[in-house]
Amino acid sequence: AKAAGIETPMRAFPALTLGVFELPALEILQAYSTLSRLGEKTKLTMIRRIKSLDDEILYESTIERDQTIEKVDAAILVGMMKQTVLNGTAIGAYLNGFTHPAAGKTGTTNDFKDAWFAGFQPTLAAITWIGYDTPRNLGSRETGGGLSLPIWISFMERALKGVPVMENPVPEGVVNSGGEWFFSEYVRNNGVSS
């Protein structure tokens, strides 16, 4: 998580892998942006470029790229996150006509005070959140997949208009077997047996 861009200190416990820790949206976006590029971290910038009316560049941010996560590790994680969109809580993306390959995670707090979806495809990562400034219940059936995902779909469809549908290249050391991604050495029942 730290390598991907999470700066908030987190206490390690088993449920952490399920996303039970609250984080600022921009940190999640930074992490998912890193995953969308198979582990290459590029610090988020609010302003990329400022041009004059004559097209003269007045300011341009510098983009530093750093491979902070091994490509094979990122590819396996992205493969798991794609299942959320293909068969899980974010299946509504494809059911509503979204056509780009995508990965992500829905989120709903136990007391329904927050609903979000963070997702990405190879060229763009975005997060949508719904809640109140002063936290209160959104309603007993208001979830990330039901509230935030439709907003994410609407934004991504506009942002990706004209962008070719693409997938990240598969790094060496990762294979797809039966629709799931595996480290090459663990495919076809070659995993840890005990």
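The values are calculated or read from the model by the stated rules, or taken from the named source; none is laboratory data. In this text the structure is predicted, and so the values were computed from the model without any measurement. Here Cβ is always computed from backbone atoms with ideal geometry, including for glycine, and neighbour counts include all displayed protein chains. All accessible areas refer to the heavy atoms of the entire protein, side chains included, with ligands and DNA or RNA removed. Shrake-Rupley method; radii C 1.70, N 1.55, O 1.52, S 1.80 Å.
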Notebook entry, point to check: Between Arg141 and Leu86, what is the FRET efficiency for a Förster distance of 35 Å, r being their Cβ-Cβ separation, to the nearest 0.05?
Noted result: 0.90
Notebook entry, point to check: Taking only protein heavy atoms and a 1.4 Å probe, what accessible area per residue, in Å², does the chain have with all protein chains in place?
Noted result: 64
Next item on the list: Scan the chain and hand back the longest stretch that contains none of the GluC sites (Glu not before Pro) lying in DSSP loops with at most 13 other Cβ atoms within 10 Å.
Entry: 65-166
Margin query: Take the chain, mark every one of the trypsin sites (Lys or Arg not before Pro) that falls in a DSSP loop and has at most 13 other Cβ within 10 Å, then report the longest stretch left between them, sites excluded.
Written below: 49-135
Notebook entry, point to check: Normalised by the residues of segment 3-121, what does the relative contact order come to in percent, with Cα pairs under 8 Å and at least six apart?
Noted result: 20
Notebook entry, point to check: Measuring from centroid to centroid over Cα atoms, what is the spacing of segment 2-21 and segment 144-171 in Å?
Noted result: 25
Next item on the list: Obtain the nm distance between the two label points defined at Lys43 and Ala12 by a simple spin-label model: each point lies 7 Å from its Cα along the Cα-to-C-beta direction.
Entry: 2.7
Notebook entry, point to check: What FRET efficiency would be calculated for the residue pair Leu95, Val165, taking the C-beta separation as r and a Förster radius of 22 Å, to the nearest 0.05?
Noted result: 0.80
Notebook entry, point to check: Counting only protein heavy atoms, what percent of the accessible surface of the chain is carbon or sulfur at a 1.4 Å probe?
Noted result: 54
Item checked: Additional length obtainable on full extension of the chain from Thr123 to Asn110, 0.36 nm per residue less Cα span -> 1.5 nm
Notebook entry, point to check: Considering lysine pairs in segment 1-136 that are 8 or more places apart or on different chains, how many have Cα atoms under 29 Å apart?
Noted result: 19
